[in-house]
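*Asks:* Right, I'll just put the structure down here and ask away after.
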Amino acid sequence: MNRHTFFALLVVAGIVVIVIAGLLPTDVPASDSGVAASVATVDTVGQGACAFVPAPPAARAARAARRPQLKLGEKRDLGWSGPPIRIADWIEPSSELLVVAQSAVPGREIVALFNPRSSALRTLSERTVAQSLPMWSARAQALDEKKDQGFAALAQSHDPEAASAAYVNPELQIAAEPNGDRFIAWTSFGARFVDTPNAIECDLVVNRVEGRPDRPLIDVKWSRDGRFVALLMLADFDRLGPTVLRILDVQKGVWHDVAVGELAVSSVTWVPGRSVALVTAADLGAADGMDVMFVVDAESGAVARVDNAPVLFTPAYWGVRFSPDGTQLAASCVVPDPDGVVRRGSLCAWEVALP
Amino acid sequence: MNRIRAFIFCVMTFGLLTAAHAHARVRIDGDAVFLPPTHIGVRVMRLTANGANSGVLCEVSPDEKSFGCGAAGYPFAVNPVTVTIESEYLLNVVPQEMPIGFSVIALEAQAAAARSFTYWYARRGTLINNSISYQAFIPGKFAALSNVTPDHADDPCRSGNLGIRQAKLCGAMKNPRYMTRADSDIPVFAQYSADWPNRTVTNEYHKALRAVDDPVSNTTNGACISDGTGSHGHGMSQNGANRWVRGFQCAYSARAPWSVKWETADQILFHYYTGIHLRAATQPQAEAGFLQRLLALFSSSGAVKPGDVVSPDWRWNPLRIDGVPSEIAAGTPLALNVQLQNTGVYTWTCTDASGCFSLGYVWSDAAGQVFTSTAWASLPCTVAPGDPSVQTQLKIADTPTGPAGIYTLTLDVRANTADGNLVWFSEQGWLAYSIPITLTASAGIEGHLPSAGAVAAGTPAAFVPFVGSQPMISTPETGTTPETGTTPETGTTPETGTTPETGATPETTIMPTQPPALNIRCTP
């Protein structure tokens, strides 16, 4: 998809989302993070670049002393053993896992709900194999993709069955604020910041580097308190491997980078209710593809290794998700065979302790 | 019937001869001889957005368009698949691992590193996968560099309709070579990483992967800073490679000039990989048809064959040269502070204080005439290959006094041999380093050369890349005073090694330190 197509899709997506957002019920409480203040940080309405700027080094240094902590309890099995499953989300109110499982049909995969209490897997829909995972928000707006349905759509429903009928273009991904008012539509080429209540749209250009091509985005995640956005991007255009993790403070209109030692960050998962993210990172010098867990304080950028954390195989693909209340962490605990192929998997979880 | 018998006889004879020849090359005194492989087996996996292995095999289907499987659908009939290393594997790996916008010289170095890395696994019989755990291989990457489908599908570089970027990549791969350690014919584990500041990182399990100073990649130059985030720092820095050959501290733009600019992929490879040689790889089909390759296989002539060493033993690289003005007044003395690296395979060793190895220079004018040099800077008595780099000061008092114009100051490392001769590295096939300097007229100085027409004793005939002739042993140099006070650079702390490749054991072979051929030994 070229840039013209991308921006055309962004416009279509924006229109669709704004229309649907206007139809949505308004009983969902707005986040109390004060994100409305960020309106002042956007320089123009409907066009131009968002006015996010790098955080002043002095401010970052002053906060660097805040060292985040996150500890995991003993691993427990969630009762699934069989073909490997990818975890997309841990959804409310049913406390089920939104997952993607292999289909018997080549080139297809199943979007399903897994109930940890009953160990039952309930199919919602089938889709073309895709790298992106289906999404779920607090308003039960399911975002999924379907081949040949060319634009984004959101479903307005708390019913998973109905929600599964909603699709988003596979090349266009959306990171939505938990209360659904704002979202970022993105592809690897760039991102569009959309604030529907305030009718603000702007290009999120924090992946630009002076004197070199834009860094391709590979993941965008909005924190559950609505204040931060994590943007994971390749360190260099057209080269895989090394990544840059950039944390955007939507409230203050600033961003800063987070380095996890010499490792390449592979995934980001926000801890509900906290300005803290769980990131997984890998040593690119090793050939085993195993990732280590770290916890990042979004405000300061301070990083610490998660206590008692397991080493996971490619969690960016298989999924690591917190429960909505933040007390549990689920992961697809796949183990590759010696040839690097994952043939069987299990789902596991840990109790989370956050001081 | 007779024709059929004759044909069968010919085929059998050819087969026996080929097998016998192959056997002869595979076994010498019981040791296996490595010959460049032509194919490698790859398990093609779906990849994550940054190229990690998902653990899921690509389906054998043209509809399989998951990332990593091929932008136009999975193109092979099986998975795992055996692919040709040059025209299928590397042609897609190189542009995936290094931005195609980089210098063609950097791309050539990248190709040699990727090829060596591939051979290392092929020799072990490893079935690799297409993820960044090995090298990112996404089928169709080469084709995607252009909107035109190459008209030679089996060997795209032979196509006559290549796009500009495809042609650039093919140019970088037209002289296929790979790296081995100097004391072995086994390919090196040629790791490389995107970027690393100041000094690369030792991989203690592979002797070629020693930490080396990389001053062009630094953290002091604003927007151009070298950022090692997510890299491992072993072996070649890809951004560093592009910095060296473009002569800028910025890998992506012509900003922040650096004092040194390299000309060849060899300089890059010998800088980042320690104690290695380059060897000829498989002849590309574009340059050698079946008959030519068959003849080359049996040829005992001087033609380069796959596996032959194609690099000289004695090499050096300048890393930084301070004190060089682009323009000077005639007769103005210079004092250059030079940081240089022994990039060869032997330690520069001497036994007396005057030094055996030194950094010398000559001036030449626009017509190419070379003039006397009267000084040199001695180098420390022990300079090991790779690291540490050496800092020395070269004082030049005999700057030309005129006429005004563009002159070339050419630097080269030289050695006093045991028999009293002076040998420049450029006579042994390595590159001297040339710096153009504009000479302006100086008040009160008549325009004349320092010793017009006199070629310096011990001056190499030509400071150009050496191509196959016999080393020239110069006459002894006399009457000059060596510079003093040079010391090796200290104070850098080697990085610790990271996780070794599974099953790898530390290499134990000792690097040779006694040069067998050149007879470079210090005068007692």
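*Asks:* Quick one: order B:152, B:39 from most to least accessible surface, probe 1.4 Å. Write out the running numbers ahead of the final one.
*Replies:* Numbers: B:152 70, B:39 95 Å².
Accessible-area ranking of B:152, B:39, largest first: B:39, B:152.
*Asks:* On to the next question. What is the mean number of Cβ atoms from other protein chains located within 10 Å of the Cβ atom of each residue in peptide A:238-250, rounded to a whole number? Before the final figure, lay out the partial values.
*Replies:* Numbers: counts 9, 14, 16, 16, 12, 4, 3, 2, 0, 0, 0, 0, 0.
What the average comes to for A:238-250 is 6.
*Asks:* Taking H placed 1.01 Å from N in the peptide plane, check which residues at least 5 places from residue B:61 or on another chain put their amide H under 5 Å from its amide H.
*Replies:* Residues meeting the criterion, in which the H sits 1.01 Å from N, are B:74.
*Asks:* Quickly rank B:312-325, B:160-173 as a protection proxy: mean count of other C-beta atoms within 10 Å, highest first. Don't skip to the end; give the middle numbers.
*Replies:* Values: B:312-325: 20.1, B:160-173: 18.3.
By packing density, highest mean first, the sequence is B:312-325, B:160-173.
*Asks:* For the range B:303-331 and the range B:190-222, write down the distance between their C-alpha centroids in whole Å.
*Replies:* Measuring centre to centre over Cα atoms gives 20 Å.
*Asks:* Tell me, in nm to one decimal, what length is gained between residue B:148 and residue B:309 on full extension, where the rule is 0.36 nm per residue of separation less the Cα-Cα distance? Mind showing how you got there, number by number?
*Replies:* Values: separation 161, 0.36 × 161 = 57.96 nm, distance 3.71 nm.
That works out to 54.2 nm of additional length.
*Asks:* Ignoring everything but the protein chains, give the 1.4 Å probe accessible area of residue B:105 in square angstrom, nearest 10.
*Replies:* Surface open to solvent at residue B:105 totals about 40 Å².
*Asks:* So which of A:75/A:252; A:221/B:141; B:261/B:395 end up more than 26 Å apart by C-alpha? Show your work: numbers first, answer last.
*Replies:* Values: A:75/A:252 38 Å; A:221/B:141 29 Å; B:261/B:395 21 Å.
With Cα atoms farther than 26 Å apart: A:75/A:252; A:221/B:141.
*Asks:* I need the peptides A:243-253, A:319-329 ranked by packing, meaning the mean over residues of other C-beta atoms within 10 angstrom, with the highest value on top.
*Replies:* Details: A:243-253: 22.8, A:319-329: 19.5.
Going from most to least packed, we get A:243-253, A:319-329.
*Asks:* In whole angstrom, how far apart do the alpha carbon centroids of the range B:244-280 and the range B:105-131 sit?
*Replies:* Here the two parts' Cα centres lie 20 Å apart.
*Asks:* Now, a different point. Run the numbers on the range A:275-355 and let me know its relative contact order in percent, using alpha-carbon pairs under 8 Å that are six or more apart. Intermediate results must be reported in sequence, preceding the final value.
*Replies:* Details: 130 pairs, mean separation 15.5, N = 81.
For the range A:275-355, the relative contact order is 19 percent.
*Asks:* Given a Förster distance of 45 angstrom, what is the FRET efficiency for residue B:39 paired with residue A:119, based on the Cβ-Cβ distance and rounded to 0.05?
*Replies:* Working: r = 46 Å, r/R0 = 1.02.
So, using R0 = 45 Å, E works out to roughly 0.45.
*Asks:* By the gyration tensor of its Cα atoms, with a ≥ b ≥ c the square roots of the eigenvalues, what is the shape of the range B:124-273: rounded for a/c under 1.5, prolate for a/b over b/c, or oblate? Intermediate values should be presented prior to the final figure.
*Replies:* Numbers: a/c = 1.84, a/b = 1.27, b/c = 1.45.
Oblate is the answer for the range B:124-273, as a/c is 1.5 or above yet b/c matches or exceeds a/b.
*Asks:* Taking 0.36 nm per residue of separation and subtracting the Cα-Cα distance, what length does fully extending residue B:219 through residue B:419 add?
*Replies:* On the way: separation 200, 0.36 × 200 = 72.00 nm, distance 4.63 nm.
Full extension from residue B:219 to residue B:419 adds 67.4 nm.
*Asks:* Which order do B:192, B:89 take by accessible area at a 1.4 Å probe, largest first? Show your work: numbers first, answer last.
*Replies:* Details: B:192 25, B:89 0 Å².
Largest to smallest exposure gives the sequence B:192, B:89.
*Asks:* Moving on to the next point. For the range B:241-247, just list the computed ³J(HN,Hα) in residue order, Karplus coefficients 6.51, -1.76 and 1.60, θ = phi - 60°, integers in Hz, with x standing in for Gly and Pro.
*Replies:* 4, 6, 5, 4, 7, 9, x
*Asks:* While we're looking at this one, here's another question. Mind putting together the pair-distance distribution for the range A:192-234? All Cα pairs, 5 Å bins, whole percent per bin, short to long.
*Replies:* 6, 17, 22, 26, 16, 8, 3, 0
*Asks:* What is the ratio of the Cα radius of gyration of the range A:232-342 to 2.2 N^0.38 Å, where N is its residue count, to two decimals?
*Replies:* Working: Rg = 14.4 Å, N = 111, 2.2 N^0.38 = 13.2 Å.
In units of the 2.2 N^0.38 Å rule of thumb, it is 1.09.
*Asks:* Another question, if that's okay. What is the spin-label model distance, in nm, from residue A:341 to residue A:257 if the labels are put 7 Å beyond Cα along the C-beta direction?
*Replies:* 3.9 nm
*Asks:* Roughly how many whole Å is it from the C-alpha centroid of the range A:214-238 to that of the range A:256-283?
*Replies:* 11 Å
*Asks:* Also, I was wondering about something else. To the nearest 0.05, what FRET efficiency results for residue A:75 and residue A:104 with a Förster distance of 25 Å applied to their C-beta separation?
*Replies:* Working: r = 30 Å, r/R0 = 1.21.
It comes to 0.25.
*Asks:* Hey, which lysines would be in cross-link range of residue B:305, C-alpha to C-alpha under 27 Å, not counting anything within fewer than 8 residues on its own chain?
*Replies:* Hits, sequence-local ones excluded: B:168, B:174, B:207.
*Asks:* Let me ask something else about it. Taking 51 Å as R0, compute the FRET efficiency from the Cβ-Cβ separation of residue B:322 and residue B:123 and round it to 0.05. If you can, show how the numbers build up before the last one.
*Replies:* Details: r = 43 Å, r/R0 = 0.85.
After rounding to 0.05, the efficiency reads 0.75.
*Asks:* Follow-up question, since we're still on this one. Using a cut-off of under 20 Å, list every residue of the range A:176-211 whose amide N is near the label point 7 Å from the Cα of residue B:164 along the Cα-to-beta-carbon line.
*Replies:* Within reach of a label on residue B:164, which here means backbone N under 20 Å from a point 7 Å along Cα→Cβ, the range A:176-211 contributes A:211.
*Asks:* Counting only other chains, and only Cβ atoms inside 10 Å, what mean value do you get across the residues of A:259-272?
*Replies:* Working: counts 4, 2, 2, 11, 4, 9, 3, 5, 4, 0, 0, 0, 0, 0.
Counting Cβ atoms of other protein chains within 10 Å of each residue's Cβ and averaging gives 3.
*Asks:* What's the average, rounded to a whole number, of partner chain beta-carbon atoms within 10 Å of each residue's beta-carbon in B:42-49?
*Replies:* Values: counts 0, 3, 0, 6, 3, 4, 13, 16.
Whole-number average of other-chain Cβ neighbours for B:42-49 is 6.
The values are calculated or read from the model by the stated rules, or taken from the named source; none is laboratory data. On a predicted model such as this, the values are computed, not experimentally measured, just so you know. Every residue, glycine among them, receives a Cβ derived from its backbone with ideal geometry; neighbour counts consider all protein chains shown. With ligands, DNA and RNA removed, areas are computed over all heavy atoms of the protein, side chains included. Shrake-Rupley method; radii C 1.70, N 1.55, O 1.52, S 1.80 Å.
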